[in-house]
Each structure stands twice: as C-alpha cells, then as structure tokens.
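**Q** Handing you a structure now.
Just so you know, all these numbers are worked out from the coordinates, no wet-lab data involved. Just so you know, these numbers come straight off a predicted model, no measurement behind them. Glycine gets a Cβ as well: all are built from the backbone with ideal geometry, and neighbour counts include every protein chain shown.
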C-alpha cells in the first residue's frame, strides 16, 4: 500500500510539474512576441515571481559579477551561478537535460559551444529588442543565442623582455631568428588557427607556421589566462593567442605586459542564451536582455569588447575575422589535426 501510495504521489507530482512547465512555455512564447514596454513589464513581473535565475558560464566569475550584481540590484532577482571550462559547461547541460534535470536557466559560453547546444535542440529562440544594436555578423539567423562580447585574439608581450622596436609587423616576421625560444601559444586554439589560415591562405599559412616552429620553436600552454600570466612573468616573452581583455587587466595591476594586434585579426564570439526548458524562463530572458543592454558597458569596463555598437571600444573599426561557430564544429577534426601537426606536437 505504501509503495502504491508513493507511486500515485509521484505521478501527481510529475503531472503537476508537467503542467507547470507547459504553462511556463506558453507564457514565455507569448511574452517573446511582445514588444517595447509590454515585453519588459511582462518579463520583470515574471522574473520577480520566479525570484532567481541559475547561470552556467565559462567566463571568470569576477568578470561577470558586476553584471550579476547590477541585475539583482535593479530587479531584485537573485543570480546563482556555476562556472567551468566551455567544454564542461556544455557537457553538464547535455547530461542534465537528457536526464530530465532542469537546473540551468541561462548560459554564457563561446559561440561554437552554443551552436552545439542548438544542434541538440536545447536552446530557446529569443527575439530581443536589442538585436539591432549588435555588430553585424554577430547574431545567428536562428536567434537561439546572441553575442555578448567579442574575444579578440591579441599578441601579448612582456615589456621587459621585448622592445617595442622589435615587435613584429606581421605574422611573417615571427620567422625571424630573433624570436627563437621566445614564442608561446594556447594548446587548443585550433579554431583560431583554421580561421587565420582563411585570411593568410591555407598553403601560405601552413608553410609560415611550419617554418616558425622549425626555426624558433614554440611553447604550448593550456589556458588563455595562464598564457597571459606567463607573459607578465617573463616566462613566455611573446604569446600569439591571448584574449584581449586579459593583458589590460594584468597591466592595471602593475604587470609587465602589453599587446598588439596582427592582421588578419581573429575573434571568438562569446554568447548568451536561454535554456529551452528553463525553470525560470522570465528571469533568464530578462537577464538575456540585460546582458545586451546595460550589461554591455559593465563588460566594457572589464576590458571586454562589447557586441553592442552603442558602447565605445578601441576595436570598433578594426577589421576582424570572426570564428564561424558552425564551421568550427564541422571542421573541428580537420582543424585540430592541422593545429596539432603544425604546432602542438612539434612544440618545444
């Protein structure tokens, strides 16, 4: 009798949860069609009713905290978060979703990882009123995620180990003997490499980097933040693939680091999205809009390149080659093989 009673209770709970989820999805879909003040009002009311939003993200927590705090201060909605590597974020979302768990509401991650979740049908289409403000080429047609920041790959150097007059003017200059034993790169930047080869020409680019590694060697390290820190300490005098926001953050704290941008400049799109089965869909959609509006200046204050054209950035008029999210998935094996054979396996 007890087991039967528990079974009936479980069924009732499941039915109630299902009905609640269906109601939330219907309501969310209706809100998504609203515009202007009506949309904002509905999102705010729904978000305050939900009371919180759970965020999974790959950006350092200290960099996103100003956005989270400002959002909570404005709307009274608590932000809970979990941070890990971009790959771990995707894996956890996929595993939880397939297991029927509804933990994550809002996701912040690299565009290729977002595209992977789109292909798994795990993201909600959102039509934000802030989309027209985004830099051209940063919003996918399906609207299941949107670019919040643009991570430009810069070339960072230690100001005590590298003189300004010897800085390279192009990637070709890295084959000069003066760079022997002075170069570093991140271990998993195959998408950067594949996109860079588009700009240089594949055969020319492969020959150049084969020559650079053969003549001067290169140190391969895991993690862009670590790579930037090693430049600041002088262990790696010149690094090829550091995200633009990290050198100025380190420099502001007295680090011996500066940076340049060689052309063709490659950039990774960093995006935000709402999970298709979010437990707190209104809070997630409201945070989505906040990231693309007021959050843009807060992110710029942390030295990120904002996606919004309404926020000033030194990179506003710089020609950038964006890593194509879909291409980076489709060509992952090809690009990884090229990167490992040309650089990683030959590193020293």
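**Q** Using only Cα atoms and rounding to the nearest 10 degrees, what angle (0 to 90) does helix 190-200 make with the longest principal axis of the chain?
**A** Once rounded, one gets 60 degrees.
**Q** Express in whole angstrom the spacing between the alpha-carbon centres of region 87-107 and region 126-202.
**A** Cα centroid to Cα centroid, the span is 29 Å.
**Q** So what is the calculated 222 nm ellipticity per residue for the chain, using -39500 (n - 2.57) for each DSSP H run with n of 4 or more, over all residues, to the nearest 500 deg cm²/dmol?
**A** Per the formula, -14500 deg cm²/dmol.
**Q** Express the relative contact order of the chain as a whole percentage, based on alpha carbon pairs under 8 Å and six or more residues apart in sequence. Walk me through the intermediate numbers first.
**A** Numbers: 594 pairs, mean separation 91.7, N = 348.
Relative contact order of the chain: 26 percent.
**Q** Sticking with this one: Sorting 153, 131 on the 10 Å Cβ count, fewest up front, what's the list?
**A** Lowest to highest Cβ neighbour count: 131, 153.
**Q** For helix 61-75, what angle does its Cα long axis make with the longest principal axis of the chain, in degrees from 0 to 90 and rounded to 10?
**A** Helix 61-75 sits roughly 30 degrees off the main axis of the chain.
**Q** How far is helix 36-50 tilted off the main Cα axis of the chain, in degrees rounded to 10, range 0 to 90?
**A** So the helix axis and the longest Cα principal axis differ by about 80 degrees.
**Q** What's the exposure ranking of 93, 260, going from fewest to most Cβ atoms within 10 Å?
**A** Arranged by neighbour count, lowest to highest, 93, 260 become 260, 93.
**Q** Ranking 337, 163, 331 by Cβ neighbours within 10 Å, fewest first, what do you get?
**A** Sorted ascending by nearby Cβ count, the order is 163, 337, 331.
**Q** Still on this structure, I have one more. Rounded to a whole number, what is D in µm²/s for region 133-261 from Stokes-Einstein with the Kirkwood radius over alpha-carbon pairs (10 °C, 1.306 mPa s)?
**A** Result for D is 101 µm²/s.
**Q** Here's a follow-up. Once volume of the Cα convex hull per residue in Å³ is worked out from the coordinates, which option in [x] 152; [y] 137; [z] 245 does it equal?
**A** Matching the structure shown: [x].
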